[in-house]
Amino acid sequence: MYFSVKNIHITRFLTGTAALLIWVSGCAPGTPVSEAGSAAVIRDVVEIDSALRADLSVGQPDREPYDLWVTCNGRIDVPPQSLATLSVPVGGYIREIRPINGEYVTKGSLLAVLEHPTYIQMQQDYLEARSQWEYLQTELTRQETLRSENAATGKTYDKTKADLQAADARMTGLSRQLGLLGISTEGLTPAAMRSRVEVRAPFSGYVLEVPVNVGVYAGPEAVLLRLIDKGHLHVELEVFEQDAARISTRAMIECTIAGVAYTGHVKLISQEVRPETKTISVHAHLDGAQDALRPGAYVAGKIQVGRDTALVVPGTALVRDGGESFMFVQVGHHQFRRVRVEAEAWAYKNPLSSSTEFHIKNPAVISDFPCVLSGAFLLQQQLAGEDAE
């Protein structure tokens, strides 16, 4: 559509008193006058006729809510009870190693077998202690009978009772030691003694490490296997101490792990600041399946700390001139003033999309006026045409 120049009046603000009066008449009451040299307001006003006015969409920009986030990073971790380092309290020679690194094992499954003469000796000691205890138990009963008939001295009775208590302590101690090796003393007989002990999985999980092999001697300090239960994976995030007060439990988190996006929530917040990094640890749980995650994996995340609103306008409300962004605000029935704004693409709804909306970062310069939301380029053309003249 073309318009006669007679129908369009472009008023340029010039220096001097007359120009100042024209500008004030086109502004809303209370609008501050920019200082000389300021680029916040371009003192250009376009006056148009009714036909061109009909091609413009004028209104108030939308205010859209958005989340406030604290960025952070961390790693995947497991609680201490989900990580097991297996060894034996009494050393022995490894005769079998069943699983390999990375293999999934179920609770109670056989992992390793060790053999040593000490295991036989401990069972022998227990059987001897139990035999002695049984003898002293019978003897104490006999002494009690004799004592009631005044046929025995109290000294003999007291010694028998003390010996029985010592035998009971030794038998109980040996039973507990054998229990640590997985050898039950219930029903143990000389014929049932065995030279081997078995190491079984304390829970279902994955084998992380098998640092030993068949034939080597493994002492109590040696690590036979390491297991992990991935059913309780969580995220340990590190947050700078100045952001700690803004974080609360149950706050939502979003994170990326090995290129995959996850959501979750804050479960616990550490009360200690790490002196070397000036950060605090935030314990968070993830939503959904986590089978693909591995402990120690790097996590890039963010934690929601609140909400705010942003002034958002469509791309048709903006024009570019000299590398800067401008909008037009209505200052009269057919008068529009060009205002410099700080605009950035509004990608909050979908960060991967090509945004056609823009966030106005200095909303104060347009908040008191109706704004041109569509057709700003028509007004810009009039300014450009006037400049050409």
Does the range 259-285 hold any residues that are free of Cβ contacts under 8 Å to residues at least 40 places away in the same chain and either in a loop (DSSP other than H, G, I, E, B) or among the small types (Gly, Ala, Ser) (or both), and which are they?
Gly259, Ala261, Gly264, Ser270, Gln271, Glu272, Val273, Pro275, Glu276, Thr277, Lys278
Yes/no for Asp387 being closer than 14 Å to Gln60 by Cα and at pLDDT below 90
no
Selection over the range 289-323 where residues are in a strand (DSSP E or B) and within 39 Å of the chain's Cα centre (by Cα) yields a count of 17
Determine whether the range 365-382 contains at least one residue that is within 15 Å of Val46 (Cα to Cα), in contact with a strand residue (DSSP E or B) (Cβ under 6 Å, 6 or more places away or on another chain) and modelled with pLDDT under 90.
yes
So which strands (runs of 3 or more DSSP E) are wholly in the range 62-142 and hold at least 2 residues that are hydrophobic (A, V, I, L, M, F, W, C) and more than 30 Å from Ser248 (Cα to Cα)?
83-86, 92-97, 110-115
What number of residues within the range 166-190 are within 49 Å of the chain's Cα centre (by Cα), of a type in the set (Val, Ile, Thr), assigned to a loop (DSSP other than H, G, I, E, B) and over 19 Å from Ala112 (Cα atoms)?
1
May I ask you to list the residues in the range 143-165 that are among the hydroxyl-bearing types (Ser, Thr, Tyr) and either outside any helix (DSSP H, G or I) or closer than 22 Å to Tyr93 by Cα (or both)?
Thr153
Give me the pairs, please: first residue somewhere in the range 172-192 and closer than 15 Å to Arg130 by Cα and touching a residue at least 24 places away in the same chain (Cβ under 8 Å), second residue anywhere and in a loop (DSSP other than H, G, I, E, B) and not aromatic (Phe, Trp, Tyr), beta-carbon distance under 6 Å, and either six or more positions apart or on two chains.
Ser175/Thr185; Leu178/Thr185
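Restricting the search to the range 306-324, which residues are surrounded by fewer than 17 Cβ atoms within 10 Å (Cβ to Cβ), at negative phi and not basic (Lys, Arg)?
Initial filter on the range 306-324 (surrounded by fewer than 17 Cβ atoms within 10 Å (Cβ to Cβ)): 306-309, 314-316, 320-324.
This time we only want the ones that are at negative phi, so: 307-309, 314-316, 320-321, 324.
Scanning the range 306-324 gives Asp308, Thr309, Pro314, Gly315, Thr316, Asp321, Glu324.
Which of the residues that make up the range 247-266 are surrounded by fewer than 15 Cβ atoms within 10 Å (Cβ to Cβ), closer than 14 Å to Leu286 by Cα and either within 10 Å of the chain's Cα centre (by Cα) or among the polar types (S, T, N, Q) (or both)?
Scanning the range 247-266 gives Thr249, Thr256, Thr263.
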Which members of the range 57-68 meet the condition of being surrounded by fewer than 18 Cβ atoms within 10 Å (Cβ to Cβ) and not basic (Lys, Arg)?
Ser57, Val58, Gly59, Gln60, Asp62, Glu64, Pro65, Tyr66, Asp67, Leu68
Condition broken by Leu233, with the remaining ones in (1) free of Cβ contacts under 8 Å to residues at least 60 places away in the same chain; (2) under 19 Å from Arg75 (Cβ atoms); (3) among the aliphatic types (A, V, I, L, M) satisfied
(1)
Among (1) in contact (Cβ under 8 Å) with a residue 12 or more places away in the chain; (2) more than 30 Å from Leu208 (Cβ to Cβ), the one test that Asp291 misses:
(2)
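From the list Ala300, Ala289, exactly one residue is exposed (fewer than 15 other Cβ atoms within 10 Å of the Cβ) and under 14 Å from Arg75 (Cβ atoms). Which is it? If you could, list the steps in order and put the result at the bottom.
Numbers: Ala289 fails: under 14 Å from Arg75 (Cβ atoms).
Step by step, each of Ala300, Ala289 is checked, and only Ala300 is exposed (fewer than 15 other Cβ atoms within 10 Å of the Cβ) and under 14 Å from Arg75 (Cβ atoms).
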The lone exception for Ala201 - which of (1) under 30 Å from Arg274 (Cβ atoms); (2) small (Gly, Ala, Ser); (3) modelled with pLDDT of 95 or more it fails:
(1)
If I go through the range 356-385 residue by residue, how many of them are more than 39 Å from the chain's Cα centre (by Cα) and either surrounded by fewer than 17 Cβ atoms within 10 Å (Cβ to Cβ) or not β-branched (Val, Ile, Thr) (or both)?
17
Would you mention how many residues in the range 191-246 are assigned to a loop (DSSP other than H, G, I, E, B), buried (at least 18 other Cβ atoms within 10 Å of the Cβ) and charged (D, E, K, R)?
1
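The values are calculated or read from the model by the stated rules, or taken from the named source; none is laboratory data. The model shown is predicted, which means the values in this text are computed figures rather than measured ones. Quick reminder, even Gly has a Cβ in these numbers, built from the backbone with ideal geometry, and neighbours come from all protein chains shown.
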